[in-house]
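The values are calculated or read from the model by the stated rules, or taken from the named source; none is laboratory data. All of these numbers come straight from a predicted model, not from anything done at the bench. Quick reminder, even Gly has a Cβ in these numbers, built from the backbone with ideal geometry, and neighbours come from all protein chains shown. For the accessible areas, the whole protein counts, side chains as well, though only heavy atoms, and no ligand, DNA or RNA atoms are used. Shrake-Rupley method; radii C 1.70, N 1.55, O 1.52, S 1.80 Å.
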Amino acid sequence: MLREIRPAILILLLLTAITGLAYPLAMTAIAGVIFPKQAQGSLIEKDGKVIGSALIGQEFKDDKYFHGRPSATLAPDPADSTKTVSAPYNAANSGGSNLGPTSKALNDRVKEDVEKLKAENPSAAVPVDLVTTSPSGLDPDISPEGALFQVPRVARARNMPEDRVRQFVIENTRGRFAGFLGEPRVNVLALNLALDAASK
């Protein structure tokens, strides 16, 4: 019996070493060489300091900045001893809210957000991505419609012509991957950085 079990145990150990250790380490090393920026998290630096990632959204509250999608990761900040400060876009807590269309809490939050946005730009329909979270809760992008909706507020706050701010949105809009995958999108952090650079 031991003679029949020994090869199975050896194959299990060998495949574990190959697929659980050697292959992941080799792929990590290759990715680090071929795509060094992406392998390090697509970090964005300003004045030699890391200010965010192109892959993870972050909260912008000031009117002079474009705002991203709402974050579903609102658990308390682990660094907060009182556990009363929420941590939006917390990559350690990635995941949707699990609130469905019949949820009163979700409907109340969406209605409140829609009312705030309508007050900000009463002449336009509120894009759905500005009041709904993404499945991960960390989405760094918004739709071009979501960005264009915010142009009047950002232009007022920056004392810039709306046409100029709208041009920044157009310049920072990325099309579908390979021409047919996904949807056009605007990276909120990249757009805000471009506006800051132009305002200097």
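Below is a table of values for the structure above.
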item: Computed [θ] at 222 nm, helices only, for the chain once each DSSP H run of length n ≥ 4 contributes -39500 (n - 2.57); result: -13500 deg cm²/dmol
item: Cross-link table Lys61/Lys111; Lys64/Lys116; Lys64/Lys118; Lys64/Lys111; Lys49/Lys116, entries beyond 22 Å C-alpha to C-alpha; result: Lys64/Lys111; Lys49/Lys116
item: Kirkwood Rh, angstrom, the chain [1 / mean 1/r, Cα pairs]; result: 20.0
item: Extension gain from Lys37 to Glu183, taking 0.36 nm per residue of separation minus the Cα-Cα distance; result: 50.2 nm
item: At R0 = 45 Å, FRET efficiency that the Cβ-Cβ distance of Arg166 and Thr102 yields, to 0.05; result: 0.75
item: Efficiency of FRET between Ala26 and Val50 - r from beta-carbon atoms, R0 22 angstrom, step 0.05; result: 0.20
item: Relative contact order (percent, whole number), the chain, Cα cutoff 8 Å, 6+ residue spacing; result: 19
item: Prolate/oblate/rounded label for region 91-178 (Cα gyration tensor, a/c 1.5); result: oblate
item: By average C-beta atoms within 10 angstrom, highest first, the peptides 158-165, 191-198, 29-36; result: 191-198, 158-165, 29-36
item: Solvent-accessible area, 1.4 Å probe, carbon plus sulfur percent, for the chain; result: 61
item: 1.4 Å probe accessible area per residue over the chain, in Å²; result: 65
